[in-house]
Amino acid sequence: MTAPKMRLMHGPFSPFVRKVMVSAIEKGMLDHLEIVPTAVGAGKTNEDLIMINPTGKIPTLITPEGLAVYDSTVIVEYLDQVHPAVRLIPTDPAQRLRTLRMNATADGLIQAGVLVRTELSREAAKQWPEYLTQQWNKVRHCMRVLNDDIASSGEQISLGEIAAAAALGWVDVRLADENWRAKNPILGAWFDRFAQRPSMLQSAPPAA
């Protein structure tokens, strides 16, 4: 009998969804997932999704037992529990802290980047320059810290590296004018290599 699959509420352009997809592929668990296209967007509520996940966000994972697991980091933690032979969140305390810190930096980069895009979408006269500067500063400082973290990480793969790659892939598309590689050459060279991994190629968003 075929084991029941986990259901992943999925959107192809979400870097948080991509983080989970890359993690699942690296763990050899993609065949355990049923991908469920799920529409979300600013100003719109997906009523079906919010009944499952009170935050109304993707990714959301439904376990075979019907439990909703949400937030990309929590989902990867769950996948590590299901398939501990290939762990992406280390059990060693120092390595675990490093991985989760890098993951948090990558998430913060995306969150600040989204706020930059939102502010830039307003009419120029309605933009708040100080707020925009603040968010750009967060984006650039997150990049700097990721550059330093990658410089000391070698070629290991953990949730931290996966989160960084998902965030940088998002920046390349959504903040395309930000020449981040010039200021972060180690990070840029690492990402260009990492982006060629099968897990990254397979999870890449469709071309616009």
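Bear in mind these aren't lab numbers, they're just calculated from the coordinates by the rules spelled out. Just so it is clear, the model here is predicted, and its values are computed rather than measured. Quick reminder, even Gly has a Cβ in these numbers, built from the backbone with ideal geometry, and neighbours come from all protein chains shown.
What to note about this one:
- From the coordinates shown, Rg and Dmax of the Cα atoms in Å corresponds to which of (1) 15.6, 44; (2) 18.1, 67; (3) 17.4, 62: (3)
- Rounded to the nearest 20 debye, dipole of the chain from Cβ charges on Lys, Arg, Asp, Glu: 300
- Note on the chain: antiparallel DSSP beta bridges, both residues inside, total approximately 60 percent of the bridges counted.
- Full extension of the segment from M51 to E123, taken as 0.36 nm per residue of separation minus the current Cα-Cα distance, would add 22.4 nm.
- One decimal place: the segment N179-V114 gains 21.7 nm when fully extended, by the rule 0.36 nm per residue minus the C-alpha distance.
- Placed amide H near T60: partners under 5 Å, 5+ positions off or other chain: M9
- Separation of the A207 and M29 label points, Cα + 7 Å toward Cβ, nm: 3.3
- 14 Å Cα-Cα reach of K138 towards aspartates and glutamates, excluding residues that sit fewer than 8 places from it in its own chain: D107, E130, E178
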